[in-house]
Amino acid sequence: MVSDLAALAAALSIAVSNIIASSAVRHLGPVVFNAIRLAAALVTVLITVTLRGHWASPSIVQLLMLAGSSLLGVVVADSCFYAALARLGPRLTSVVYASWAGFAAMLGYLLLGETLSVIKIGGIGCIMAGVCVAIIFRQPGAIADETHGSLRTGLLFGLASALFAAAAVLIARPVMAMGLDPALATSIRAAIGLVALLILSAMPAVRSASQANASVVIRSALSGVLGMGVGMTLVLFALTSRPVGIVSSLSSTTPVMILPLLWWSTGLRPSAAAWFGAVLAVVGIAAITSGF
């Protein structure tokens, strides 16, 4: 029971993180914002690793695989996610990003020979249907997450973030199967990603046009602490006593969690289509992460 609540709390923490991030990423740009967010998250995860006392020396192969996973997942996927968030708002972005589970299942089938049962195929269909419902029947004015800029560009960034996140998970999976501590692996990925993001953020093409002020930096750091720091810690705690499929399903309820948060913060009730699309996405994730 406690572990299940921890997994749900992780989803809530990520939902709050995405809402906090929305305005900050529009101010700083996805790369600079992601660098600040990742720095704060890295400190949080390192504290977690230290308290758990699971320091170890990964092999060269493990480091290389984690580096590849970090570049795809932390640098490319996360930056695309926040580029989508700046354009689509937290609700639509969270539903589009739910397609990562479908991409992971399909890549696992194509690259690793993992089987896709009828239930998993149905789960992929539910996720895609949820995304379509959220896009076609969206009512931006009703929940105050109207698009900023091109809707098509935002959707492409969202789908790209989901695809690269799925690829990053597949690369990291063999490393985790070798028994490396998840929190330590997360800290390594975060450190590698932070170095790459700091290099990118210094380039004129991606440098933020707006000057960072204290409020924006605090929101960016808080988003990182909540999203990767607290969220990841809660997921790891839940995994100590509950199966991966259950924890993954419960912690992936962010698309549903974000709706009452937006309702509470804006005072405007989400549409029925918004609820239906979010629930479809979560049902799809539950089907894909099930053991059937």
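Values quoted throughout were computed directly from the atomic coordinates according to the rules given, and no laboratory measurement underlies them. The structure presented is a predicted model; accordingly, all values stated were derived computationally and were not measured. Here the Cβ positions follow ideal geometry from the backbone for every residue, glycine too, while neighbour counts run over all protein chains shown.
Using C-alpha pairs below 8 Å separated by at least 6 residues, the relative contact order for the stretch 15-101 is 54 percent. Here the residues Tyr97, Tyr82, Tyr109, ranked from fewest to most Cβ neighbours within 10 Å of their Cβ, fall in the order Tyr109, Tyr97, Tyr82. Label-to-label distance, Leu151 versus Val2, with points set 7 angstrom from Cα along the beta-carbon direction: 4.7 nm.
Based on the mean of other beta carbon atoms within 10 Å per residue, what is the order of 33-40, 115-122, 88-95, most packed first?
88-95, 33-40, 115-122
With R₀ fixed at 45 Å, the C-beta to C-beta distance from Leu51 to Tyr109 puts the FRET efficiency at about 0.75.
Computed FRET efficiency, Cβ-Cβ of Ser271 and Met128, R0 22 Å: what is it to the nearest 0.05? Rounded to the nearest 0.05, the efficiency is 0.65. Among 252-263, 163-174, the peptide with the highest mean count of other Cβ atoms within 10 Å heads the list, and the full ranking is 252-263, 163-174.
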